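Novice: Take a look at the following structure, please.
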Amino acid sequence: MIRDMPDINEILKISQDLIRIKSTKDRPQDIGLCLDYAEKCLKDTSLTIKRFESNGVPSLVATKSGTKAPKIFLNGHLDVIEAHDKQFEPKIEDGKLIARGASDMKSAVAIMLVLMKELHTTHDIGLMLVGDEESGGFNGTKYLLDQGYTCQAAIIPDGGTAIQNIMHKAKGAMWVELTATGQAAHASRPWQGENAINKLLLAIDRVHNLFLNPTKHSDDHWATTCNIGNIRGGDSANVVPSHAVAVCDIRHIENDNQQSILRRIQNSLPDGVTAKQTVEVESLFVKDDDPYLIAYQEAIRSIGREPRLCLDHGASDARFFGARGIPTLISVPDSGGNHTENEWVSINALEDFAKMLKYFLNKITK
Ligand SMILES: [Zn+2]
């Protein structure tokens, strides 16, 4: 018999086996055990499997003949966030698989393993499994891309809450530190000094005015925003402060970029205040007419659902692909409760997601 559906029992078994491994970030050996398990799943295939480690974080890449550039990379993470012991014992209730990692994202990894086994000889696909998405992704996805791995498009089922909700845009983020310098003096003779806090307040007001007031956004808040989240300076009320610092967190949309934002801030500052960028988080923007995005939408329609293009206000490993101009497709089997005690994924949706992904891969790489 020709098997043309991904096998839900196999997907469920792999999901549950992976969930039982307590692969939190402080247990890299358990993330390694998840990778051992994945490697065992793929042992009867002709895939070349390579293991990596960066700063103690293990990862795995499986590609045909060890190529570093399959057309499509499937990418998933096996680290999960902290949970009570009982959350590592998967429960099935009301058609849901409930456990830490059920939704984020061991069941999606199980689907990708099953599809890799089934399709690797006929489709130009590779698998990337990483262990630090929840703690930044620098030693997993970013590290692997830095080793020269690349692709035409990536699939990362790690964002949103349902198959049809495609998270096609995620804002970039940056932190900018504003530093004001003045001249100390006794508070009884302020004319002898230069008050750094006064300068900083003026700077904050100007920077704040560069960004639209959040209450004036459109309903989806798809605008570049700025939050002044930290301010410090001065030692005592009776001293004119010589130094004050404020830190802004800026989230930007696709029409903006970090160099121009920094320049705009610098140009707005009063004398005696400087701005420097301290944190950079890449963005992900997939164009509405991207052919992979269009094929992914068609795959969603093939299972009887209507795709929706959604906006993501957070960040995931997709940003590392985005930074390299690689379109990344993000949606998940219907699920909820990520990072809570009630993390769940719909078992029917696991099957539908597997069918949808298989349809997409057939369309794109067969
Ligand atoms: Zn995740």
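Novice: Which residue fluctuates most in the GNM of the chain (Cα springs below 10 Å): Q147, Q297, Q164?
Specialist: So, out of Q147, Q297, Q164, the one fluctuating most is Q147.
Novice: Fewest Cβ neighbours within 10 Å first, please rank R305, R100 accordingly.
Specialist: R305, R100
Novice: Sticking with this structure for a sec: Measure off 7 Å from each Cα along the Cα-to-Cβ vector at D85 and F138, then give the distance between these two points in nanometres to one decimal.
Specialist: For D85 paired with F138, the spin-label model returns 3.4 nm.
Novice: Moving to a separate point now. What percent do you get for the relative contact order of the chain when only Cα pairs under 8 Å and 6+ apart count?
Specialist: Reported as a whole number, the value is 23 percent.
Novice: Rule-of-thumb check for the chain: C-alpha Rg over 2.2 N^0.38 Å?
Specialist: Compactness ratio reported: 1.16.
Novice: Antiparallel versus total DSSP beta bridges in the chain: what percent is that, nearest 5?
Specialist: If we restrict to bridges inside the chain, about 75 percent are antiparallel.
Novice: Also, quick follow-up: Considering amide H positions built from the backbone, and no H for Pro or chain starts, which residues 5 or more places from T48, or on another chain, come under 5 Å of its amide H?
Specialist: Sorted by chain and number, the residues that satisfy this are T63, K64, S65, G66.
Novice: Take the Cα radius of gyration of region 1-71 and divide it by 2.2 N^0.38 Å, with N its residue count; two decimals is plenty.
Specialist: 1.28
Novice: Taking the Cα centre of region 172-281 as origin, work out the dipole magnitude from +1 charges on Lys and Arg Cβ and -1 charges on Asp and Glu Cβ, in debye rounded to 20.
Specialist: With only Lys, Arg, Asp and Glu charged at Cβ, the dipole is about 320 debye.
Novice: Sorted by mean Cβ packing within 10 Å, highest first, what order do the peptides 251-263, 6-18 take?
Specialist: 6-18, 251-263
Novice: Helix-derived [θ] at 222 nm for the chain: sum -39500 (n - 2.57) over DSSP H runs of at least 4, divide by residue count, nearest 500? Walk me through the intermediate numbers first.
Specialist: Numbers: 9 runs with 108 residues, N = 366.
Value at 222 nm, helices only: -9000 deg cm²/dmol.
Novice: Which length gain, in nm to one decimal place, applies between E341 and Q192 when the Cα-Cα distance is subtracted from 0.36 nm times their residue separation?
Specialist: Fully extending the segment from E341 to Q192 adds 47.8 nm.
Novice: Within region 149-172, what residues put their amide N at less than 17 Å from the label point 7 Å along the Cα-to-Cβ vector of R324?
Specialist: 149-157
Novice: Still on this structure, I have one more. Assuming a ≥ b ≥ c are the square roots of the Cα gyration tensor eigenvalues, decide whether region 44-159 counts as rounded (a/c under 1.5), prolate (otherwise, with a/b larger than b/c) or oblate.
Specialist: Taking the square roots of the gyration eigenvalues as a ≥ b ≥ c, region 44-159 is oblate.
Novice: Return the percentage of antiparallel bridges among DSSP beta bridges fully within region 1-148, rounded to the nearest 5 %. Walk me through the numbers before you get to the answer.
Specialist: Working: 14 of 21 bridges.
Close to 65 percent.
Novice: Continuing with the same structure: Using label points projected 7 Å from each Cα along Cα→Cβ, tell me how many nm separate N230 and R301, to one decimal.
Specialist: Distance between the two pseudo-spin positions: 4.8 nm.
Novice: Right, here's the next one. Could you give the angle, 0 to 90 degrees to the nearest 10, between helix 107-119's Cα long axis and the longest principal axis of the Cα atoms of the chain?
Specialist: It works out to around 50 degrees.
Novice: Once both axes come from the Cα atoms, what is the angle between helix 196-210 and the longest principal axis of the chain, in degrees from 0 to 90, rounded to 10?
Specialist: Roughly 50 degrees, rounded to the nearest 10.
Novice: Structure shown: which of K96/K366; K43/K355; K287/K358; K64/K171 lie over 29 Å apart, alpha-carbon to alpha-carbon?
Specialist: The answer is K96/K366; K64/K171.
Novice: Could you give me the radius of gyration and the Dmax of region 266-306, taking only the C-alpha atoms into account and expressing both in angstrom?
Specialist: Rg and Dmax of region 266-306, Cα atoms, are 21.1, 61 Å.
Novice: Between A244 and residues 5 or more places away or on another chain, which pairs have amide H atoms under 5 Å apart, with H built 1.01 Å from N, and which residues are they?
Specialist: It is A180, by chain and number.
Novice: Could I ask something else about it? Working only with C-alpha atoms, what are the Rg and Dmax values of region 172-281, expressed in angstrom?
Specialist: 15.6, 50
Novice: Could you give the angle, 0 to 90 degrees to the nearest 10, between helix 258-268's Cα long axis and the longest principal axis of the Cα atoms of the chain?
Specialist: 10
No lab work stands behind these numbers, since they all come straight from the coordinates. This one's a predicted model, so the numbers in the text were calculated from it and none came from an experiment. So basically every Cβ, Gly included, is an ideal-geometry build from the backbone, and we count neighbours across all protein chains shown.
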